[in-house]
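What follows is a single structure, written as structure tokens, with notes after it.
The values are calculated or read from the model by the stated rules, or taken from the named source; none is laboratory data. Note that the coordinates shown come from a computational prediction; the quantities given were computed from them, not determined experimentally. Neighbour counts are summed over all protein chains in view; Cβ atoms, including those assigned to glycine, are modelled from backbone coordinates with ideal geometry. Ligands, DNA and RNA are stripped out before the accessible areas are found, and what is left, the full protein with its side chains, is counted by its heavy atoms. Shrake-Rupley method; radii C 1.70, N 1.55, O 1.52, S 1.80 Å.
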Amino acid sequence: MNDKIWLSSPHMGDNEFNFVKEAFDTNWIAPLGPNVDGFEQDIASYLGEDVHVAALSSGTAALHLALIILGVKAGDEVICQTMTFSASANPIAYQGATPVFVDSEEQTWNMSPKYLEAAILDRIENGKKPKAIIVVHLYGMPAQMDRIMEIADKYEIPVVEDAAEALGSSYKGQKLGTFGAMSILSFNGNKIITTSGGGALVSKNEEWIKTSRFLATQARDAAPHYQHSHIGYNYRMSNICAGIGRGQMEVLSKRVEKRRSNHEYYMQIFSSSDAVAFCDEPSEDYYSNRWLSTILVNAANGVDRETVRLHLEKDNIESRPLWKPMHLQPVFANSPFYGDGTSERLFESGLCLPSGSNLTNADLERVVTKMKEVL
Ligand SMILES: *Cc1c(COP(=O)(O)O)cnc(C)c1O
């Protein structure tokens, strides 16, 4: 059996272990410490725009705290891009609120501004103005941020940017993760950089970030004894994980370059094939980190997405269908949805290809050789 080629696996640089060792040497083995502070500063200076950052235990935790801070409560409604990973929507349910799902547009595969506005108007007419809008930059591709922010501003609804897959991407030269009232990042093992598991909440509003750190450490009031006037959470990042993160921040630009070159390679190989289509950057305004390289398989030729996926699997190569839209998930069957079926069509024909920054040229050649056999 050939060696396994993964969809997206961790890729350490040179310094991660030094930061972790320093944590051991100084006995900072806790969900606080110099690496946590340092990692937060590294992210803030990378993103620019005077943002503040709280390092947390996961991207999901970051999204949960964002919704809590925005005042999302039981019975509220929150708009969410349907084409995403379940972690974008689950925190809405944690709060006892209802997700309202919005379809994708064809250009970026992200939230359709047209259906976003239709959803807002219809929910207001139904008697409930949505409390927040969760927009996702899927696979690193920026959503149509000008139009989405314009609509959000018009109806005065805060945007939470789910940039879990999009660290290193930008829109009109501005880093993703700096557009929303709040934004979240993920450092899970499969993301463009990883802390093994982890996430961050990002905002220009320093008070919100301070509040998130307070809530993430069990909401302890200032007192010598344990005193609580809020429900707290145990959501802070550990100083060990943050050490890995500091090392990873040193190589982030290289990781973006390599992921983009993986995508370039796939595009070049299949540019003349009508069996495969790619999600192009719609204009120079859009810069994707190409966290995952994705294709749409044109089943008109008799070969569908699953044929390609299973053929790769037989050679020990991992690929995965595009994320199944949330409005098609059994767990969200009762949630409202606004759209025209675009995300469902993308899901049916779309495939994520091996995309790690640690793939060798031989790995990439093996993948395309196998793909060519069926396409
Ligand atoms: C990975 C991911 C998350 C969740 O991040 P975790 O750190 O795994 O909790 C949220 N949204 C999207 C789009 C993701 O890909």
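Within this structure, Tyr286 passes the test of being crowded, with 17+ Cβ neighbours inside 10 Å and not charged (D, E, K, R). Just to be sure, is Gly302 surrounded by fewer than 20 Cβ atoms within 10 Å (Cβ to Cβ) and modelled with pLDDT under 95? Against the criterion (surrounded by fewer than 20 Cβ atoms within 10 Å (Cβ to Cβ) and modelled with pLDDT under 95), Gly302 qualifies. Taken together, the residues in region 194-221 that are within 16 Å of the ligand (Cβ to nearest atom) and open to solvent by 10 Å² or more (accessible area, probe 1.4 Å) amount to 2. Do we have Ile157 as hydrophobic (A, V, I, L, M, F, W, C), at pLDDT 95 or above, in the same structural domain as Leu56 (by TED's automatic domain parsing) and outside any helix (DSSP H, G or I) here? The answer is yes for Ile157. Residue check: Ser343 meets all listed conditions (1) within 30 Å of Val135 (Cβ to Cβ); (2) of a type in the set (Gly, Ala, Ser); (3) in a loop (DSSP other than H, G, I, E, B) but one, namely (3). Evaluated against (1) within 16 Å of the ligand (Cβ to nearest atom); (2) open to solvent by less than 10 Å² (accessible area, probe 1.4 Å); (3) on the phi < 0 side of the Ramachandran plot, Asn90 falls short on exactly one condition, (2).
Just so you know, in region 98-118 the residues that are in a helix (DSSP H, G or I) and open to solvent by less than 10 Å² (accessible area, probe 1.4 Å) include one that is farthest from Met326 (Cα to Cα), and it is Pro113.
When region 74-87 is limited to residues that are touching a helix residue (DSSP H, G or I) at 6+ places or on another chain (Cβ under 9 Å) and over 16 Å from Ala119 (Cα atoms), the one that is farthest from the ligand (Cβ to nearest atom) turns out to be Ser86.
Counting only residues that are more than 22 Å from the chain's Cα centre (by Cα) and open to solvent by 40 Å² or more (accessible area, probe 1.4 Å), region 331-362 holds 6 of them.
Take the conditions (1) part of a loop (DSSP other than H, G, I, E, B); (2) of a type outside the set (Gly, Ala, Ser); (3) out of contact with any Pro (no Cβ under 7 Å at 6 or more places or on another chain); Phe214 misses just one of them, which is (1). Screening Thr60 on (1) farther than 15 Å from Val160 by Cα; (2) in contact (Cβ under 8 Å) with a residue 60 or more places away in the chain shows it passes everything except condition (1). Looking at region 304-330 only, could you name the residues that are free of Cβ contacts under 8 Å to residues at least 40 places away in the same chain, more than 17 Å from Ser355 (Cβ to Cβ) and over 20 Å from the mean Cα position of the chain (by Cα)? Glu306, Leu310, Lys314, Pro330 - these are the residues of region 304-330 that are free of Cβ contacts under 8 Å to residues at least 40 places away in the same chain, more than 17 Å from Ser355 (Cβ to Cβ) and over 20 Å from the mean Cα position of the chain (by Cα).
Look through region 16-69, keep the residues that are acidic (Asp, Glu) and open to solvent by 40 Å² or more (accessible area, probe 1.4 Å), and return whichever of them is nearest to Val256 (Cα to Cα). Looking at the filtered set, the residue picked out is Asp42. Residues that are within 13 Å of the ligand (Cβ to nearest atom), in contact (Cβ under 8 Å) with a residue 40 or more places away in the chain and part of a loop (DSSP other than H, G, I, E, B) were ranked within region 160-176; the one that is surrounded by the fewest Cβ atoms within 10 Å (Cβ to Cβ) is Ser169. The set of residues in region 177-193 being more than 8 Å from the ligand (Cβ to nearest atom), touching a Gly at 6+ places or on another chain (Cβ under 8 Å) and assigned to a loop (DSSP other than H, G, I, E, B) consists of Thr178, Gly189, Ile192, Ile193.
Can you say whether Asn234 is within 16 Å of the ligand (Cβ to nearest atom), open to solvent by 20 Å² or more (accessible area, probe 1.4 Å) and within 18 Å of the chain's Cα centre (by Cα), as far as the supplied structure shows? The answer is no for Asn234.
Of everything listed in (1) in a loop (DSSP other than H, G, I, E, B); (2) open to solvent by less than 10 Å² (accessible area, probe 1.4 Å); (3) within 14 Å of the ligand (Cβ to nearest atom); (4) of a type outside the set (Gly, Ala, Ser), the single unmet condition for Val135 is (1).
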